[in-house]
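Engineer: Dumping the structure here so I can ask a few things about it.
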Amino acid sequence: MDKEVTYRVGIPVMGPRGETLGRLEKVLLTESRHLVTGLIVRALESLHILPLDRVTEVSASEIRTTVLPEEFHGFPVFDPTQYEEVPPWFFPPGHHIELGALVTIKPLDVREQGEHEAMSRRAFMGRSVAIVAAAIGVSLLVPIGGYIMAAATTPMKDSWRELGVKLQDLPFDEPVGHSFRAVSVSGWMRVPEEKSVWLIRHSGASDPASEPEDQVLGLDSPLELKDSDPRLTVLSPICPHLGCEPQWHKGQKLFICPCHHSIYQLNGNRIGGPAPRPMDTLPARIADDGAISVIYEQFAIGIAAKKRLA
Amino acid sequence: MGHKIFAYLDERIRISSLMGFLLNEPIPGGSRWAYIPGSMVFFVLILQFVTGMMLAFYYGGTPDHAWDSVNYIDHLTYNGVAVGRLIRGIHYWGSSIMVIAVGIHLLQVFLWGAYKRPREIMWLVGVLLLALTMTASFSGYLLPWDERAYWGTIVGTNMIGLVPFVGEVIKDAIRGGVGLGALTLSHFFTLHTMILPTLFILFVLLHMVIFRRVGPAGPFSGSPEKLEATKDTFYPRQVLMDSFGMLAIFIVILALAVLRPPELESVANPSNAAYSPTPAWYFDWIFELLKLIRPEIVGVVGLPVLIAIVLVFLPFVDRKPVRSPFRRPISVLSTLFVLSAMLGLSIMAENGYKKLVDVDRVAMVRGQGVFNTAGCIGCHTLFGKGGKVGPDLSEEGLVGHSEHWLTVQFLNSKAHFPDSIMPDFTYLTPQQQHDLAMYISSLGRMGWPDPTKTP
Ligand code: FES
């Protein structure tokens, strides 16, 4: 990085006979080597680059050079747009009067150990800083990542809930929307909530509607497969397209979603519309006395797979 | 690639000159380990910001949820790692360590004479930052809404109420009413998470701008020529030293967070008048001092005013330019006196508190088994369940009985209460006695149900 960095200074720059050439505007130095290469002198409206070897003397109040006024304008003109224009207030006070800077601008280690040695040491220290910073950063960010993900990945326990409905009370092949009270858990908060499911009673395994479509397609998880019964299909009320709630249309004997008109048959089979999969069946159990219990699962919407949410 | 990005940014936002400004700051006399406390304070502050934001992720700032949410955070795990407890532990210990780091920083600036002209304003901003740190500790104390938080805040705000004329009004304004309640909690939460961080950012920035304007004070001895000759830039040596300091303080905080995770006492119970609150350890000396000063009002008003006056007027009264502590015997001796007084008072205060048993969590779990099989619940109520013959034990761990006292109570309760009808559980083995004592000592302090495991 041999880019030249400039520092604003601000004292008169004199020729050999004591005539003012201009005012010191900046000091040009090579950053990586901490080497002053020249002075920028402002004379009226133009800036000139004065090589450092023409400087004879630097004091707190002035800089003397061997440059004659007449030859001064022969020096290359400094183009401010090519360099940093740092506003003067940006520098700490005292910086611009620190004329020793021209002599001692090299850091201590560079002066003591020589350019090469010091630079490799500095690089080593720079790397050490980076390692320490990375060590702190990683050991802080990893737990934080886990902390943020912890709530998102807290597993939900499957809980069976009794719906308070008995199988024998349901009509055959006619979906019944059943609402029940559930508790939704969000972190430390438990909120009572109204949930609903579709209950569809079938006459038995011989009923063609008794096999839900997602079972046919092999979308079911082992849990749903294990707890399925040919006498009953329990459908989630949530449309797998974008989450609206399909309604049962008695006359047509179809579920039709009001949002984008996905159309499903009694067993959840999609026969039209944008939904990517059939309606989702839920695991259900029927007790000896016909009491129905279900697990209210929720699934990702908008995808072909029946992927359970957490 | 990195080079290209750098060049791109440099052209647009002049990043190299900015970096140069930030990193090439001249340090008269060269880099020193003595200069790291300021950076350490800054680091802990950032750590508090980051972990605080994380806690706010899951915190519920109302009395009916605050405690539950903190308990929830305590139970958050990820891949078996108790990340929630870790983050809260870092924030909890971070606040203590920050008070220490600020204290060291202040002490060093004082001993180095670095507050003297022309650095008076920087010192004043520092004093303000100290006040912000203390306010942050005080306001954060209430947020878990457990017994300690509630009663500690009752006492703290009551003290404000003692200030003549305006005290009552200020107290009620802080509390958001006469009593401690939902408004107090949201006031404190807002203060802790919005007002204070804003002020911190503002004044830390001001502190640093002034620092760069006026430059580092450098060592207190050495001629200007020598300091000039040994001048070094901030980067890389001082930066490296600072980063080691930060790493060290980070390791300390992490170790404390892992080895001594913060406790959560049972949820604030405004009717538990038996609870005796203790202040955070760094207020211990004030607590003890206030007990000595009578009438009370003199201490409550006088002490903070005195501290504020000393700190604020110090650089304007002490105007001799001499900086070396070896040539300022009065300053150094009075510092030593104040420090040892603070230490002595703190020790006295700590000795005055009832020591709660250090609970061994493994024995605690075994003790719960003993509690259940021995039939204690037949007579004693625990968290709303159980018999009413014996006293409610839900907060028994906060009472402060020693393990010995508890063991005697199990085996021969008539030794403590001659009329006691509690049976003597003499069949308990010494191991079981120990485990049961641990469990009883934990009641009201830890072992809360895990809200992440939903039934
Ligand atoms: S949400 Fe049902 S079809 Fe789009």
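Engineer: Which one of these is facing chain A (nearest Cβ under 9 Å) and either open to solvent by 50 Å² or more (accessible area, probe 1.4 Å) or within 18 Å of the chain's Cα centre (by Cα) (or both): B:M40, B:M54? Talk me through it step by step, then tell me what you get.
Structural biologist: Values: B:M40 fails: facing chain A (nearest Cβ under 9 Å).
The match here is B:M54.
Engineer: Quick check, is B:I293 without any contact (Cβ under 8 Å) to a residue 40 or more places away in the chain, farther than 21 Å from B:M134 by Cα and loosely packed, with under 14 Cβ neighbours inside 10 Å?
Structural biologist: Values: without any contact (Cβ under 8 Å) to a residue 40 or more places away in the chain: yes; farther than 21 Å from B:M134 by Cα: yes; loosely packed, with under 14 Cβ neighbours inside 10 Å: yes.
It is true that B:I293 is without any contact (Cβ under 8 Å) to a residue 40 or more places away in the chain, farther than 21 Å from B:M134 by Cα and loosely packed, with under 14 Cβ neighbours inside 10 Å.
Engineer: Checking the condition surrounded by 14 or more Cβ atoms within 10 Å (Cβ to Cβ) and out of contact with any helix residue (DSSP H, G or I) (no Cβ under 7 Å at 6 or more places or on another chain), which residue from B:S420, B:S402, B:S441 passes? Steps first, please.
Structural biologist: On the way: B:S420 fails: out of contact with any helix residue (DSSP H, G or I) (no Cβ under 7 Å at 6 or more places or on another chain); B:S441 fails: out of contact with any helix residue (DSSP H, G or I) (no Cβ under 7 Å at 6 or more places or on another chain).
Just one listed residue meets the conditions, B:S402.
Engineer: If you don't mind, another one. Taking strands (runs of 3 or more DSSP E) that do not extend beyond the range A:190-286, which have at least 1 residues that are more than 16 Å from the ligand (Cβ to nearest atom) and in contact with a helix residue (DSSP H, G or I) (Cβ under 7 Å, 6 or more places away or on another chain)?
Structural biologist: Details: elements: A:232-235, A:247-249, A:254-256, A:270-272, A:284-286.
Hits in the range A:190-286: A:232-235, A:284-286.
Engineer: Sticking with this one: B:G60 - would you say it is within 9 Å of chain A (Cβ to nearest Cβ) and either under 28 Å from B:D242 (Cα atoms) or in a loop (DSSP other than H, G, I, E, B) (or both)? Lay out the reasoning, then the answer.
Structural biologist: Working: within 9 Å of chain A (Cβ to nearest Cβ): yes; either under 28 Å from B:D242 (Cα atoms) or in a loop (DSSP other than H, G, I, E, B) (or both): yes.
Yes; evaluated as a whole, the condition is true for this residue.
This table checks each residue for (1) free of Cβ contacts under 8 Å to residues at least 12 places away in the same chain; (2) assigned by TED's automatic domain parsing to the domain that holds B:E120; (3) among the aliphatic types (A, V, I, L, M).
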position: B:I297; (1), (2), (3): no, no, yes
position: B:I309; (1), (2), (3): yes, no, yes
position: B:L314; (1), (2), (3): no, no, yes
position: B:D318; (1), (2), (3): no, no, no
position: B:S324; (1), (2), (3): no, no, no
position: B:P329; (1), (2), (3): yes, no, no
position: B:V332; (1), (2), (3): no, no, yes
position: B:A349; (1), (2), (3): no, no, yes
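Engineer: Go through (1) under 30 Å from B:S324 (Cα atoms); (2) in contact with a His (Cβ under 7 Å, 6 or more places away or on another chain) for B:G52 and report which single condition fails.
Structural biologist: (1)
Engineer: Something else now. What are the pairs, 6+ residues apart or on separate chains, where a residue within the range B:195-219 that is in the same structural domain as B:G140 (by TED's automatic domain parsing) has its Cβ under 6 Å from a residue that is small (G, A, S) and assigned to a helix (DSSP H, G or I)?
Structural biologist: Every condition considered, the pairs that remain are B:L196/B:A136.
Engineer: Here is a further query. Closer than 19 Å to A:G302 by Cβ, modelled with pLDDT of 90 or more and either within 14 Å of the ligand (Cβ to nearest atom) or not hydroxyl-bearing (S, T, Y) (or both): is that true of A:P171 in this structure? Reasoning before the result, please.
Structural biologist: Working: closer than 19 Å to A:G302 by Cβ: no; modelled with pLDDT of 90 or more: yes; either within 14 Å of the ligand (Cβ to nearest atom) or not hydroxyl-bearing (S, T, Y) (or both): yes.
Against the criterion (closer than 19 Å to A:G302 by Cβ, modelled with pLDDT of 90 or more and either within 14 Å of the ligand (Cβ to nearest atom) or not hydroxyl-bearing (S, T, Y) (or both)), A:P171 does not qualify.
Here is a yes/no grid of residues against (1) open to solvent by 60 Å² or more (accessible area, probe 1.4 Å); (2) within 38 Å of the chain's Cα centre (by Cα); (3) acidic (D, E):
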| site | (1), (2), (3) |
| --- | --- |
| A:E224 | no, yes, yes |
| A:S228 | no, no, no |
| A:L235 | no, yes, no |
| A:L242 | yes, yes, no |
| A:L254 | no, no, no |
| A:H261 | yes, yes, no |
| A:I271 | yes, no, no |
| A:D280 | no, yes, yes |
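Engineer: While we're looking at this one, here's another question. Pairs under 8 Å by beta carbon, first residue more than 8 Å from every other protein chain (Cβ to nearest Cβ) in the range A:136-163, partner of a type outside the set (A, V, I, L, M, F, W, C) and open to solvent by 70 Å² or more (accessible area, probe 1.4 Å), six or more apart or different chains?
Structural biologist: A:W160/A:R285
Engineer: Going through B:F220, B:F211, B:F203 one at a time, which residue ends up being away from chain A (no Cβ under 14 Å), closer than 20 Å to B:G113 by Cβ and among the aromatic types (F, W, Y)? Spell out the reasoning first.
Structural biologist: On the way: B:F211 fails: away from chain A (no Cβ under 14 Å); B:F203 fails: closer than 20 Å to B:G113 by Cβ.
Sole residue among the options that is away from chain A (no Cβ under 14 Å), closer than 20 Å to B:G113 by Cβ and among the aromatic types (F, W, Y): B:F220.
Engineer: Tell me the residue from B:V258, B:V239 that is open to solvent by 40 Å² or more (accessible area, probe 1.4 Å), touching a residue at least 12 places away in the same chain (Cβ under 8 Å) and touching a Gly at 6+ places or on another chain (Cβ under 9 Å), please.
Structural biologist: On the way: B:V239 fails: open to solvent by 40 Å² or more (accessible area, probe 1.4 Å).
When all the criteria are applied, what remains is B:V258.
Engineer: Could you list, in sequence order, the residues of the range B:137-151 that are in a helix (DSSP H, G or I) and open to solvent by 20 Å² or more (accessible area, probe 1.4 Å)?
Structural biologist: Of the residues in the range B:137-151, the ones in a helix (DSSP H, G or I) are B:137-142, B:147-151.
Matches in the range B:137-151: B:F138, B:G140, B:Y141, B:R148, B:W151.
Engineer: Checking the structure you have, find out if any residue of the range A:16-24 is at pLDDT below 80 and at positive phi.
Structural biologist: Looking through the range A:16-24, none of the residues is at pLDDT below 80 and at positive phi.
Engineer: Let me ask something else. Quick check on my filter: what residues within the range B:328-346 are out of contact with any Phe, Trp or Tyr (no Cβ under 9 Å at 6 or more places or on another chain), assigned to a helix (DSSP H, G or I) and of a type outside the set (S, T, Y)? Before you say what the answer is, go through the steps one by one.
Structural biologist: Initial filter on the range B:328-346 (out of contact with any Phe, Trp or Tyr (no Cβ under 9 Å at 6 or more places or on another chain)): B:328-330, B:333-334, B:336-340.
Pick out the ones that are also assigned to a helix (DSSP H, G or I) and you get B:329-330, B:333-334, B:336-340.
The answer is B:P329, B:I330, B:L333, B:L336, B:F337, B:V338, B:L339.
Engineer: Mind checking which pairs have a first residue in the range A:242-266 that is more than 14 Å from chain B (Cβ to nearest Cβ) and a second that is aromatic (F, W, Y) and near the ligand (Cβ under 9 Å from one of its atoms), Cβ under 7 Å, 6 or more apart or different chains?
Structural biologist: From residues that are more than 14 Å from chain B (Cβ to nearest Cβ), there are no pairs.
Engineer: Check off (1) within 24 Å of B:N269 (Cα to Cα); (2) open to solvent by less than 30 Å² (accessible area, probe 1.4 Å); (3) not basic (K, R) for B:G367 and give me the number that stays unchecked.
Structural biologist: So the condition that B:G367 fails would be (1).
Engineer: Go through (1) buried (at least 16 other Cβ atoms within 10 Å of the Cβ); (2) among the small types (G, A, S); (3) without any contact (Cβ under 8 Å) to a residue 24 or more places away in the chain one by one and return the number of the condition A:G187 breaks.
Structural biologist: Single failed check for A:G187: (3).
Engineer: Within the range B:73-87, which residues are at the interface with chain A (Cβ under 7 Å from one of its Cβ atoms) and under 21 Å from the mean Cα position of the chain (by Cα)?
Structural biologist: B:V83, B:G84, B:L86, B:I87
Engineer: Would you point out which residue out of B:F6, B:F49, B:F43, B:F57 is in contact with a Pro (Cβ under 9 Å, 6 or more places away or on another chain) and hydrophobic (A, V, I, L, M, F, W, C)? Break it down stepwise before answering.
Structural biologist: On the way: B:F6 fails: in contact with a Pro (Cβ under 9 Å, 6 or more places away or on another chain); B:F43 fails: in contact with a Pro (Cβ under 9 Å, 6 or more places away or on another chain); B:F57 fails: in contact with a Pro (Cβ under 9 Å, 6 or more places away or on another chain).
The conditions single out B:F49.
Engineer: Filter the range A:164-185 down to the residues that are within 14 Å of another protein chain (Cβ to nearest Cβ) and over 30 Å from A:D207 (Cβ atoms) and list them by number. Spell out the reasoning first.
Structural biologist: So the first thing to find is which residues in the range A:164-185 are within 14 Å of another protein chain (Cβ to nearest Cβ), and the list is A:182-185.
Hits for the range A:164-185 are A:V183, A:S184, A:V185.
Engineer: Name the residue, out of B:I5, B:I100, B:I36, that is in a helix (DSSP H, G or I) and closer than 30 Å to B:Y150 by Cα.
Structural biologist: Numbers: B:I5 fails: closer than 30 Å to B:Y150 by Cα; B:I36 fails: closer than 30 Å to B:Y150 by Cα.
Only one candidate qualifies: B:I100.
The values are calculated or read from the model by the stated rules, or taken from the named source; none is laboratory data. Keep in mind that what you see is a predicted model, and the values were worked out from it rather than measured. Cβ atoms come from the backbone with ideal geometry, glycine included; neighbour counts cover every protein chain shown. We work out accessible area using only protein heavy atoms, side chains counted, and drop any ligands, DNA or RNA first. Shrake-Rupley method; radii C 1.70, N 1.55, O 1.52, S 1.80 Å.
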